[in-house]
Amino acid sequence: MSQALGLRWKIAVLLAVGCSLVAVAIGFLIHGARARQIGEAARAGATAQLITVRKVYELTGRLDRDYVGEADARIDCPQLPDALRTAALDGQRTTYLDMSGPDPAVWAARPIGGRHVLSVRLSLGDERAELAELDRHLVAYGASVVALAALGGALLASRLSRDLRTAAETARRISAGDLDARIGPSGRPGARDEVAELSSAVDTMAASLQQRLEAEQRFTADVAHELRTPLTGLHTAAELLPPGRPTELVRDRVAALRTLTEDLLEVARLDANREEPQWEALPLGPLVESITRRSGVAAEVLGAWEPARVRTDVRRLERILANLLANARRHGGDPVLVAVSGTAVTVRDAGPGFPDQLLREGPQRFLTGAPERGQGTGLGLTIALGQAQVIGARVRLANPRAGGAAATVTLPPA
């Protein structure tokens, strides 16, 4: 499959095509001008030769080659073009130019002696060869100009292409989370062209985005830290309440608030890129079985004896799988299935599947995506993807054709 041309080569091709059209137009003009010049000179020479031949014929009564020179002078020449013969018999002195035949020539004719025609023919073979040589030079010079224009266009467009590629690469880095990425100044110092304006706009956008995201991250971390202390006291107070249904409800809500606070703190740490994994090389199957058992979710594990070893952080992997299992239990439906294959782990439920918006845009905080998948904070999948990024794993969310939702975690091999 062919790849599309880059901007640099598109500009080079455009310049080459433009120069080709100009070169062709100029070539036609030069060829036409030289052809007209040759034709006019040939007609004038033939006419002058005809006058000389007529004078010699009137003085001597014959066509003496010693006097008529190189001209092929004849009376009633059978090769005389019919149009020229007709015009001469009508009393006109005229010429006829033929550059297209195998033997190019110019004719001049006039009436003589009543119904006879005196004609002169001059060969134009050398002139046609000169025109052909001129055409070859025009083609060679035109090709050289087109090649130089294409090369010059490529060189001129290379800076533009390089700057645009730098802008695109910087935008991709920003999209990937590198908020410190900047394009910086481009071109000559002080120059303000369209590329420089684009670079400045992207850098301004990145700086504004960085400020807003950092403010959001600080707000999330500050809120979580400020809630931690009163929630600790609230939890202690709830433990002192007398047993009963109201106490259970209070304790349940306090526990939910504490979980939310811890999730917010974890999200803040992930946003700040301060997480450092503790690497270990372990067999994946037994590790997944152990994590599933500790999660408290009733799930069937397939491939528990998978021998593949992975390089991972056990605590972070447990956090990822626990969140995926909790998400499957809360928002999906039984049975929940955990399948280990190679270095990949798939958590699958029998619920309505992931919402289309989540599959398109990825997990968003405090957004569960669809009412049919139940209530929640939307932080579980966000944390799972963030922890996966820390340990170099990939998480793919999908809705299998058989139904339900499937989240696949692919880990780096040991």
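The set of residues in segment 61-96 being modelled with pLDDT of 85 or more, charged (D, E, K, R) and buried (at least 17 other Cβ atoms within 10 Å of the Cβ) consists of R74, R85. Against the conditions (1) assigned to a helix (DSSP H, G or I); (2) modelled with pLDDT of 80 or more; (3) of a type outside the set (V, I, T), A407 satisfies every one except (1).
The set of residues in segment 73-100 being assigned to a loop (DSSP other than H, G, I, E, B) and touching a residue at least 24 places away in the same chain (Cβ under 8 Å) consists of D76, C77, Q79, L80, P81, R93, M99.
Checking every residue in segment 378-398 against the condition of being at pLDDT below 85, touching a Ser or Thr at 6+ places or on another chain (Cβ under 6 Å) and not aromatic (F, W, Y) gives at least one match. Pick from segment 134-154 the residues that are at pLDDT 80 or above and more than 13 Å from C19 (Cα to Cα): which of them is nearest to the chain's Cα centre (by Cα)? My answer is A140.
Against the condition at pLDDT 75 or above, of a type in the set (G, A, S) and not in a helix (DSSP H, G or I), how does A339 come out, does it pass? So A339 fits the description; yes.
The values are calculated or read from the model by the stated rules, or taken from the named source; none is laboratory data. Every value quoted in this text rests on a predicted model; they were computed, and no experiment measured them. Cβ coordinates were reconstructed from backbone atoms using ideal geometry, including for glycine residues, and neighbour counts include every protein chain displayed.
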